[in-house]
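Student: This structure is in structure tokens; I'll ask about it shortly.
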Amino acid sequence: MKAFLKAWEALCSSTDQSPTLVVPNGKTFSLLPLIFEGPCKASNVHLQIDGDLLIPKKEEWSGTDCVGEWVRFSRVNGLIIDGSGTIDGQGATWWGGDKPMERFSRLNWGLDFNDDCGRPTAIRFYRCDDLRLSGLKVINGPRNHFAVGGCDGAVISGLHIEAPDDSPNTDGIDFSSTTNTRVENTFIGTGDDCIAVNGGVKNLTIDNLLCGPGHGISIGSLGKDGSYETVEDVTVQNCKFTKVQNGARIKTWEGGAGYVKQITYKNITLDNAGQPIIIDQNYCPEHNCGPTKPSSVAISDVSFTDFSGTTATIRAILLNCSSIGSGCTNVILDNVQITKGDIGKLYDENDGEVYAYCRNVHGKATSTIPSVPCLE
């Protein structure tokens, strides 16, 4: 760990135009928690990971403090991370339980990332503008694999992120309070969201993503514990969902506030995808929320265009909007062709005809199978 931090100090203090730190091919390094702090002197700093990095198994961790992540890059603008290496979170040793460690300290981020003290995020980027992340393979994170928060202008491409389909909370990439971000040409197959778009995200494009297994590409969940959260200007295009439990999803908690607007899902291929299209404003995954107010997160200007393929659930489309105000407005479905796949493979449900359910939603559906009665 000291060697990494010393090398980082030299890199970050370099006055070269684009200094580079190389993790060499053919080498494996076990990582204790690391924090790489900026700002750096150069406008770009380059970390080339060609070797392999291991997060220690849970039983090998001898530290006294719980950390929210194993590696954190903080306030490093112009950071370039690439290479042919693999980062292995050895998550199987962490997934067996989800209880906080006996002694822990939470880091003060200035942003609420809702860290689970029991299982850390593998890699977090905090306020790293103009981040470039590409080429790496990241597997078996103890929790989510990447978290990107408070960053502007990030481009993420060519990643391979993988964990078993039953691994808990192993999101591929989580975004919070980011602007002007792009994810492209990437594979993510995990036990939770391929990509989760959380509050404060604006202008995000996800292009040519292979997603599955997992829980799809989700906006939210937003508005937990009555919080006010916003997401706007998100485009998901040219993506394939394979054996996911959910596909294109927007989810808000009961009692939450804020808005979601200008959301586009287009040119989406489905391969036995569970619940391919979802807007759920009564999100309560543990079914223990009790009596509460309906969601007042306003959802508007959402389009699902050019979907084709098969569903693993007979309810292929769920548009379950809030009873507050006008519900969801200007929701457009066009050229959506979803047919029956292997029903019951992902969910324990009986076979039947594929259908759509909608409530408190306003907009239009054209050339859509199954039909959406309330939008016709």
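The values are calculated or read from the model by the stated rules, or taken from the named source; none is laboratory data. This structure is a prediction, so every number in the text was calculated from the model and none was measured. Quick reminder, even Gly has a Cβ in these numbers, built from the backbone with ideal geometry, and neighbours come from all protein chains shown.
Student: Please name all residue pairs, on different chains or six or more residues apart, with Cβ atoms under 6 Å, provided the first residue is in the range 163-185 and is over 19 Å from residue 129 (Cβ atoms) and the second residue is β-branched (Val, Ile, Thr) and in a loop (DSSP other than H, G, I, E, B).
Tutor: Qualifying pairs under 6 Å: 163/170; 163/190; 170/190; 172/190.
Student: Name every residue in the range 137-153 that is buried (at least 23 other Cβ atoms within 10 Å of the Cβ) and either farther than 16 Å from residue 70 by Cα or free of Cβ contacts under 8 Å to residues at least 24 places away in the same chain (or both), in order of residue number.
Tutor: Listed by number, the list holds a single entry, 151.
Student: Considering the range 1-40 alone, what residues qualify as being touching a helix residue (DSSP H, G or I) at 6+ places or on another chain (Cβ under 6 Å) and farther than 20 Å from residue 85 by Cβ?
Tutor: Correct list: 40 only.
Student: Can you tell me which residues in the range 179-198 are over 12 Å from residue 240 (Cβ atoms) and either under 9 Å from the mean Cα position of the chain (by Cα) or surrounded by 24 or more Cβ atoms within 10 Å (Cβ to Cβ) (or both)?
Tutor: Selection gives 183, 190, 192, 193, 195, 196, 197, 198.
Student: Out of the range 157-173, which residues are in a strand (DSSP E or B) and surrounded by fewer than 24 Cβ atoms within 10 Å (Cβ to Cβ)?
Tutor: Within the range 157-173, the first condition is being in a strand (DSSP E or B), and the residues that meet it are 157, 160-162, 173.
The answer is 157, 160, 162.
Student: Which ranges mark the strands (runs of 3 or more DSSP E) fully within the range 1-52 that have 2 or more residues being of a type in the set (Val, Ile, Thr) and crowded, with 17+ Cβ neighbours inside 10 Å?
Tutor: 45-49
Student: Working only within the range 316-336, note down all residues that are part of a strand (DSSP E or B) and in contact with a Pro (Cβ under 9 Å, 6 or more places away or on another chain).
Tutor: Hits for the range 316-336 are 316, 317, 336.
Student: Let me ask something else about it. Do any strands (runs of 3 or more DSSP E) entirely within the range 75-155 hold 1 or more residues that are under 22 Å from residue 221 (Cα atoms), of a type in the set (Gly, Ala, Ser) and at pLDDT 95 or above, and if so, which?
Tutor: In the range 75-155, 121-126, 146-149 are the strands (runs of 3 or more DSSP E) which contain 1 or more residues that are under 22 Å from residue 221 (Cα atoms), of a type in the set (Gly, Ala, Ser) and at pLDDT 95 or above.
Student: Return the only residue of 199, 258 being part of a loop (DSSP other than H, G, I, E, B) and touching a residue at least 40 places away in the same chain (Cβ under 8 Å).
Tutor: On the way: 258 fails: part of a loop (DSSP other than H, G, I, E, B).
After ruling out the rest, the residue left standing is 199.
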